[in-house]
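First the structure, in the form of structure tokens, and then the observations on it.
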């Protein structure tokens, strides 16, 4: 089974979830977002991923973040979490966690999730 770990980086909280193949929630945790400290945000996300992946053999990892990653530079831009701007956030997280990450803007993640989330018989789209 390939598990899925999702992390939502917000201005006030970082929430993580572990999902099974059917997208059922197996584990969830929320912690406060460290304010104005890039390194602490990296460490907090790493902590959550390690906790979610405990006793899990293999998993994919997706992170939604405020702002976007510049295709030209790989750096975060247009983020309301100011300490992320101009930083190689995805690269730094991949290096620390030791795993490839799918990362996307949080609003885009919301739209994608709604577009495919017909599990409960309804969707916004």
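The values are calculated or read from the model by the stated rules, or taken from the named source; none is laboratory data. Just so you know, these numbers come straight off a predicted model, no measurement behind them. Cβ atoms come from the backbone with ideal geometry, glycine included; neighbour counts cover every protein chain shown.
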Return the total of residues in the range 1-40 being outside any strand (DSSP E or B), touching a residue at least 60 places away in the same chain (Cβ under 8 Å) and either within 15 Å of the chain's Cα centre (by Cα) or farther than 23 Å from residue 107 by Cβ (or both).
-> 2
Scan the range 15-36 for residues that are loosely packed, with under 13 Cβ neighbours inside 10 Å, in contact with a helix residue (DSSP H, G or I) (Cβ under 7 Å, 6 or more places away or on another chain) and at pLDDT 95 or above and report the count.
-> 0
Residues of the range 59-90 satisfying the condition of being in a loop (DSSP other than H, G, I, E, B), surrounded by 14 or more Cβ atoms within 10 Å (Cβ to Cβ) and in contact with a strand residue (DSSP E or B) (Cβ under 6 Å, 6 or more places away or on another chain) = 67, 79, 87
Taking the range 41-58 only, how many residues are surrounded by 13 or more Cβ atoms within 10 Å (Cβ to Cβ) and more than 15 Å from the chain's Cα centre (by Cα)?
-> 1
Within the set of pairs 6+ apart or on separate chains, which have a first residue in the range 106-125 that is at negative phi and in a helix (DSSP H, G or I), a second that is exposed (fewer than 10 other Cβ atoms within 10 Å of the Cβ) and at pLDDT below 70, and C-beta atoms under 8 Å apart?
-> 114/124; 114/125; 115/125
Residue identified as part of a helix (DSSP H, G or I) and under 16 Å from residue 19 (Cβ atoms) among 49, 56 = 49
Which one of the conditions (1) within 28 Å of residue 116 (Cα to Cα); (2) modelled with pLDDT of 95 or more does residue 79 fail to meet, given that it meets all the rest?
-> (2)
